[in-house]
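Below is one structure, written out as structure tokens, with a few remarks after it.
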Amino acid sequence: MATKVHMEALSPTMEEGQVVKWYKAEGDEISSGDVLADIETDKATMELTARGEGTLLKVLVEEGGTAPVGQVIAVIGEEGEDISELVEGAGEAPKPDEPAPQATVEGAREKQAAEATAEEAPAGEAVAAAAEAPAGREGAAEGEAPGAPGTPAEGVDGGRIKASPLARRLADEAGLDLASIEGSGPGGRVVKRDVEEARRAPRPEAPAAAAAGAPAGAPAEEGWRAAPVQVPEEEYEDVGISQMRKTIARRLVESIGPVPHFFLTVEVDMGRVMEARKRVNALLEARGQKVSVNDFVLKATAAALRQHPEVNAHWHTDHIRRYHAVHVGVAVAVDEGLITPVIRNADRKGMVQISAELRELAGRARERKLKPEEYTGATFSVSNLGMFGIQEFTAVINPPEGGILAVGKVEEIAVVVEGEVVARPRMKVTMSCDHRVIDGATGARFLQTLQTMLEEPAAVLL
Amino acid sequence: MAEITYREALNQALREEMERDESVFLMGEEVAEYDGAYKVSKGLLDAFGDRRVVDTPISELGFAGLGVGAAMVGLRPVIEFMTFNFAFLALDQVINSAAKSLYMSGGQVSCPIVFRGPTGAALQLAAQHSHAVEPYYVHAPGVKVVTPATPADAKGLLKASIRDGDPVAFMEGELLYNFKGEVPDDEDYVIPLGKADVKREGGDVSIITHGKMVHVALQAAQTLEKDGIHAEVLDLRSLRPLDVDAILTTVRKTNRAVYLEEGWQYVGIGSHIVSLIQERAFDWLDAPVLRISQADVPMPYAKNMEQAAKPSAARVVDACNRVLYRNGA
């Protein structure tokens with residue numbers, strides 16, 4: 001009895017994986033537990049282990065290929081076994097640069113071509129070419145379901161969509177097209193959580209309307225779009241998109257789009273923190289440890305969040321979740337982009353511990369070796385670009401979090417204190433707030449608390 | 001509230017009913033002189049005498065038939081089977097005589113009898129003495145089947161069963177007799193038949209079960225709680241009549257269910273429950289309803305094999321994870 005090897009959900013947010021390297025080849029003997037391949041997910045590179053035993057009969061997705069979670073990527077069985085049934089329909093995963101949902105794109109392209117040529121036969125080649133280009137773009141838009149870089153077609157089994165009875169009913173009630181929702185259940189089954197996620201994400205009304213409008217639109221417009229300016233090849237190079245970058249792209253669009261951001265900036269006097277840091281590090285020298293300004297900022301933020309549960313909160317469509325625990329996500333730059341490892345219960349940890357944990361997590365983040373539970377579950381996030389010389393910036397919120405703090409560099413500037421111009425070390429922090437969760441005054445009060453914690457470090461001890 | 005054992009609770013129920021109604025009598029192997037094979041009838045011979053507490057030879061078919069006859073002429077017998085495993089021969093009296101007499105006599109001959117004793121496995125009693133017999137008794141219309149899991153349920157349901165005008169198969173468990181629990185001090189604590197009981201509330205997944213497996217379910221629920229999963233445990237208590245509303249209510253609440261029973265899967269109690277759920281709560285289901293039951297083998301004697309054959313809390317947790325889609329399964 002053959003075993004199907006599936007692209008497994010190796011992280012909770014993973015939707016598709018890319019095969020980086022196969023460790024076994026067709027014909028190799030496989031034992032349960034053997035490492036079959038390295039799979040690159042949205043966050044890290046993870047091992048895919050064999051769950052069955054036998055001979056690796058067929059590899060369906062080669063190195064470099066991607067497959068959505070749930071798709072069959074290989075088959076293990078007995079030598080000589082007939083696996084034609086299992087291989088049929090599993091097929092090659094769509095290549096990364098093609099629009100993923102083949103079924104919908106083909107349909108859209110054919111429809112476009114048929115309508116365009118039917119209406120504008122005399123216009124000939126230009127129109128035929130026109131049908132190709134917009135179809136590609138609009139087909140992709142139609143197929144690019146909310147929050148689904150993977151294939152909706154995954155859950156479609158010869159035209160039939162796999163969905164739990166509850167999911168069908170919920171989708172129906174919400175007016176959502178089941179075919180546009182990616183299923184996270186076995187075999188791509190659409191289940192309740194998929195429908196709920198789809199309900200939270202933006203609906204592609206505009207592109208769909210545009211697609212509907214286009215065939216009826218002027219051929220002149222299509223003709224114009226059909227002839228892109230030719231850019232000389234030596235002027236550019238195309239760089240492939242890693243899984244992480246895909247995820248960053250998707251997540252940011254999901255954030256900036258639906259999340260109503262507004263920004264609050266406060267300039268904090270860091271004089272006392274700088275002094276405290278010197279004193280604290282003097283104490284720690286004996287232990288061979290030290291803390292940074294950022295550690296102070298994280299600790300103060302955690303303490304402030306503790307006092308402001310209305311800011312330490314998440315948006316959940318029909319309710320707001322206010323957290324009692326404080327888990328701070330700290331943005332870390334890695335080769336491919338960025339990731340936010342989480343310091344759990346940061347308000348209950350001392351700076352030394354926070355510092356050590358962050359160093360350890362960041363190190364492993366750069367090696368793409370973080371475990372899913374280490375980069376999920378933050379109640380609030382902090383991003384610090386001070387070390388790059390940035391004075392102030394605005395960060396994008398990680399939904400469903402209610403806010404994110406962007407920390408700039410500490411620099412000596414001239415300020416007026418009691419009528420005199422003096423040099424003070426100052427730092428700007430800008431908080432991005434989700435206006436659905438945090439209003440201006442609420443955010444401002446939080447920042448006041450944070451400012452107090454930093455301008456009077458002893459306040460953290462209270 | 002007093003904390004007493006399941007055994008004590010049964011003893012109290014028998015005592016109270018025998019005091020309340022002279023036509024109630026107890027009959028079975030070792031129930032009188034020996035105080036009961038499991039001491040359930042301790043002290044009853046002394047309290048009520050040998051016309052009300054009757055020792056029998058080892059002949060389940062025989063004394064079950066005697067009981068049915070007695071019930072047909074107006075007495076209220078409580079027939080004890082040392083275990084239901086010994087009573088397969090007596091099944092003929094239960095099904096063909098007791099269950100069908102009211103129907104076949106056009107309502108003229110009722111049979112207010114209770115057949116009680118342990119069902120299912122204990123420890124290393126092996127194949128012939130570990131059989132969970134609920135499916136055989138619940139299948140034919142005409143017999144009520146009750147499976148209490150706690151001392152309070154045992155007391156309340158036994159009193160109700162004895163007072164019931166129909167034949168009732170009251171199924172206990174050797175492993176339950178020592179189990180302690182709180183029982184209300186009510187003078188007359190009766191629980192109506194046909195009402196299930198939510199033993200643990202939760203909103204994430206429903207574990208539906210009956211009998212001693214209720215305790216395995218609660219264990220599994222505790223394990224799931226550590227991961228933040230709140231499982232609801234529904235104890236059916238009555239297999240016939242069945243509290244269909246309670247089953248549908250919990251499934252509509254959590255959208256996913258598993259059935260746990262100590263018997264085998266093939267046409268086990270779970271089969272009927274699952275069928276009911278998919279028929280009446282289809283649009284509330286987010287996942288198929290899974291079943292956890294004994295491995296499809298006669299109960300092994302060897303300790304380790306018996307452990308492996310029996311359903312465990314771990315397997316319940318696993319099934320719950322699957323219906324919650326937590327393992328990428």
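All of (1) among the aliphatic types (A, V, I, L, M); (2) over 14 Å from B:Gly67 (Cα atoms); (3) assigned to a helix (DSSP H, G or I) hold for B:Val145 with one exception: (3). Search the range B:275-304 for residues being away from chain A (no Cβ under 14 Å) and within 21 Å of B:His215 (Cα to Cα), and hand back the single one that is surrounded by the most Cβ atoms within 10 Å (Cβ to Cβ). The qualifying residue surrounded by the most Cβ atoms within 10 Å (Cβ to Cβ) is B:Ile292.
Rundown of residues vs (1) among the polar types (S, T, N, Q); (2) within 27 Å of B:Val68 (Cα to Cα); (3) not in a loop (DSSP other than H, G, I, E, B), yes/no style:
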position	(1), (2), (3)
B:Asp153	no, yes, yes
B:Asp166	no, yes, no
B:Met171	no, yes, yes
B:Glu182	no, no, yes
B:Asp186	no, no, no
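Quick check: is even one residue across the range B:14-30 closer than 26 Å to B:Met299 by Cβ, touching a strand residue (DSSP E or B) at 6+ places or on another chain (Cβ under 9 Å) and surrounded by fewer than 18 Cβ atoms within 10 Å (Cβ to Cβ)? Checking the range B:14-30: at least one residue is closer than 26 Å to B:Met299 by Cβ, touching a strand residue (DSSP E or B) at 6+ places or on another chain (Cβ under 9 Å) and surrounded by fewer than 18 Cβ atoms within 10 Å (Cβ to Cβ). Applying a threshold of 9 Å to beta carbon distances and a minimum spacing of six or more residues, or different chains, the list of pairs starting in the range A:5-17 at a residue that is more than 12 Å from chain B (Cβ to nearest Cβ) and surrounded by fewer than 20 Cβ atoms within 10 Å (Cβ to Cβ) and ending at one that is of a type outside the set (A, V, I, L, M) and part of a loop (DSSP other than H, G, I, E, B) reads A:Thr13/A:Thr41; A:Thr13/A:Asp42; A:Thr13/A:Lys43; A:Thr13/A:Thr376. Here B:Thr249 passes the criteria (1) outside any loop (DSSP other than H, G, I, E, B); (2) touching a residue at least 12 places away in the same chain (Cβ under 8 Å) except the one numbered (2). Filter the range A:163-178 for residues that are at the interface with another protein chain (Cβ under 10 Å from one of its Cβ atoms) and among the hydrophobic types (A, V, I, L, M, F, W, C) and give the result. Selection gives A:Ala163, A:Leu166, A:Ala167, A:Leu170. Only strands (runs of 3 or more DSSP E) whose full extent lies in the range A:303-371 are considered here, and the ones with at least 1 residues that are within 17 Å of the chain's Cα centre (by Cα) and closer than 22 Å to A:Met431 by Cα are A:313-315, A:328-330, A:332-334, A:337-339. Checking each residue of the range B:318-328 against the condition of being touching a Pro at 6+ places or on another chain (Cβ under 8 Å), within 14 Å of chain A (Cβ to nearest Cβ) and among the hydroxyl-bearing types (Ser, Thr, Tyr) gives at least one match. A:Gly337 fulfils the conditions (1) surrounded by fewer than 21 Cβ atoms within 10 Å (Cβ to Cβ); (2) modelled with pLDDT of 90 or more; (3) in contact with a Lys or Arg (Cβ under 7 Å, 6 or more places away or on another chain) except for a single criterion, (2). Among the residues of the range A:179-190, the ones that are among the hydrophobic types (A, V, I, L, M, F, W, C) and within 14 Å of chain B (Cβ to nearest Cβ) come to 2 in all.
One line per residue, one yes/no per condition, for (1) among the small types (Gly, Ala, Ser); (2) modelled with pLDDT of 80 or more; (3) surrounded by 14 or more Cβ atoms within 10 Å (Cβ to Cβ):
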position	(1), (2), (3)
A:Arg193	no, yes, yes
A:Glu197	no, yes, yes
A:Ala212	yes, no, no
A:Pro215	no, no, yes
A:Ala218	yes, no, no
A:Val231	no, no, no
A:Glu235	no, no, no
A:Val239	no, no, no
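Selection of the range B:198-214 for residues being within 13 Å of the chain's Cα centre (by Cα) and outside any loop (DSSP other than H, G, I, E, B) yields B:Thr209, B:Met213, B:Val214. Would you tally the residues in the range A:363-388 being surrounded by fewer than 17 Cβ atoms within 10 Å (Cβ to Cβ) and within 25 Å of A:Met453 (Cβ to Cβ)? Number satisfying all stated conditions: 3.
Among residues of the range A:373-395 that are under 30 Å from A:Ala9 (Cβ atoms) and of a type in the set (D, E, K, R), those with a Cβ under 6 angstrom from a residue that is buried (at least 17 other Cβ atoms within 10 Å of the Cβ) and modelled with pLDDT under 95, sequence gap 6+ or separate chain, pair up as A:Glu374/A:Pro341.
The strands (runs of 3 or more DSSP E) located wholly in the range B:1-118 that include 1 or more residues which are closer than 24 Å to B:Thr150 by Cα and of a type in the set (Ser, Thr, Tyr) occupy B:2-5.
If you go through the range B:48-78 and pick out every residue that is within 17 Å of B:Ser105 (Cβ to Cβ), surrounded by 23 or more Cβ atoms within 10 Å (Cβ to Cβ) and not small (Gly, Ala, Ser), you end up with 1. Suppose the filter is among the small types (Gly, Ala, Ser) and under 18 Å from A:Phe393 (Cα atoms); does A:Ser255 pass it? In short, yes.
Restricting attention to the range B:249-274, the residues that are farther than 27 Å from B:Glu306 by Cβ and away from chain A (no Cβ under 14 Å) add up to 2.
The values are calculated or read from the model by the stated rules, or taken from the named source; none is laboratory data. The shown structure was predicted, so the numbers you read here are calculated from the model rather than taken from an experiment. With ideal geometry, Cβ positions are generated from the backbone for all residues, glycine too; neighbour counts draw on all protein chains shown.
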